[in-house]
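See below for the structure under consideration.
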Amino acid sequence: MAGWLGSAYPWVKTAHLVFVIFWMAGLFMLPRYLVYHQEDGLTGPQAERWIERESKLRSIILGPSLVVVWVLGLMLAAHVGLFSGVPHLGWLHSKLVIVLLLSGFHGWAVGYSKALAKGQAKLSGRTLRLANEIPGVSVALIVMLAIVQPF
């Protein structure tokens, strides 16, 4: 199935990168929103504004971008032969593992956002600030693997 996208490959790759940027923008914003939401308090008008912001970010940017990134990414992976046994794609396997973990982080952040909306703060501000670094470190590793293809 390698090469099946033909001349559409650069267009699919372009769309994939655009939606990765959207997804990463949302993943950079949501954990920061969680810090501010939790610090501003879990009740009152300010909390209601944070709940609305987080909900819009989840439904307009994060959710749709995640789906498009995965669909286009799997198309690109099939194009380069991931599912056909093409050798020397260790970099792609590693990238997919990191993307899978980042997708799990996405799910955790969405879940924590919904918990805050219910008034349930389980983590310290320090822990949330540390979690805020996960998308940045992840995307740096993903970009390195995709461009350098070290193995």
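On inspection, residue 109 passes the criterion of being open to solvent by less than 40 Å² (accessible area, probe 1.4 Å), under 15 Å from residue 24 (Cβ atoms) and of a type in the set (A, V, I, L, M).
Among residues of the range 82-100 that are under 19 Å from residue 144 (Cβ atoms) and aromatic (Phe, Trp, Tyr), those with a beta-carbon under 6 Å from a residue that is open to solvent by less than 60 Å² (accessible area, probe 1.4 Å) and modelled with pLDDT of 95 or more at least six positions away or on a different chain give the pairs 91/145. Here residue 94 meets the list (1) open to solvent by less than 50 Å² (accessible area, probe 1.4 Å); (2) under 30 Å from residue 44 (Cα atoms) almost entirely, failing just condition (2).
Looking at the range 36-58 only, could you name the residues that are in contact with a Gly (Cβ under 7 Å, 6 or more places away or on another chain) and farther than 20 Å from residue 104 by Cβ? Answer for the range 36-58, where residues must be in contact with a Gly (Cβ under 7 Å, 6 or more places away or on another chain) and farther than 20 Å from residue 104 by Cβ: 38, 39, 42, 43, 47.
Filtered by the rule that a residue be free of Cβ contacts under 8 Å to residues at least 40 places away in the same chain, of a type in the set (Ser, Thr, Tyr) and closer than 18 Å to residue 127 by Cβ, the range 17-66 gives a lone residue, 36.
How about the range 77-117: which of its residues are at pLDDT below 95 and among the polar types (S, T, N, Q)? Selection gives 84 alone. Would you mention how many residues in the range 45-66 are surrounded by 13 or more Cβ atoms within 10 Å (Cβ to Cβ) and closer than 20 Å to residue 18 by Cβ? So the answer is 8.
Residue check: residue 120 meets all listed conditions (1) in a helix (DSSP H, G or I); (2) modelled with pLDDT of 95 or more but one, namely (1). Checking every residue in the range 70-87 against the condition of being open to solvent by 60 Å² or more (accessible area, probe 1.4 Å) and closer than 13 Å to residue 110 by Cα gives zero matches. Regarding the range 13-34, can at least one residue be identified that is at pLDDT below 95, among the hydrophobic types (A, V, I, L, M, F, W, C) and open to solvent by less than 60 Å² (accessible area, probe 1.4 Å)? Within the range 13-34, none of the residues are at pLDDT below 95, among the hydrophobic types (A, V, I, L, M, F, W, C) and open to solvent by less than 60 Å² (accessible area, probe 1.4 Å).
The values are calculated or read from the model by the stated rules, or taken from the named source; none is laboratory data. In this text the structure is predicted, and so the values were computed from the model without any measurement. Note: ideal-geometry Cβ built from the backbone for every residue, glycine included; neighbour counts use all protein chains shown. The area values use the complete protein model at the heavy-atom level, side chains included, leaving out ligands, DNA and RNA. Shrake-Rupley method; radii C 1.70, N 1.55, O 1.52, S 1.80 Å.
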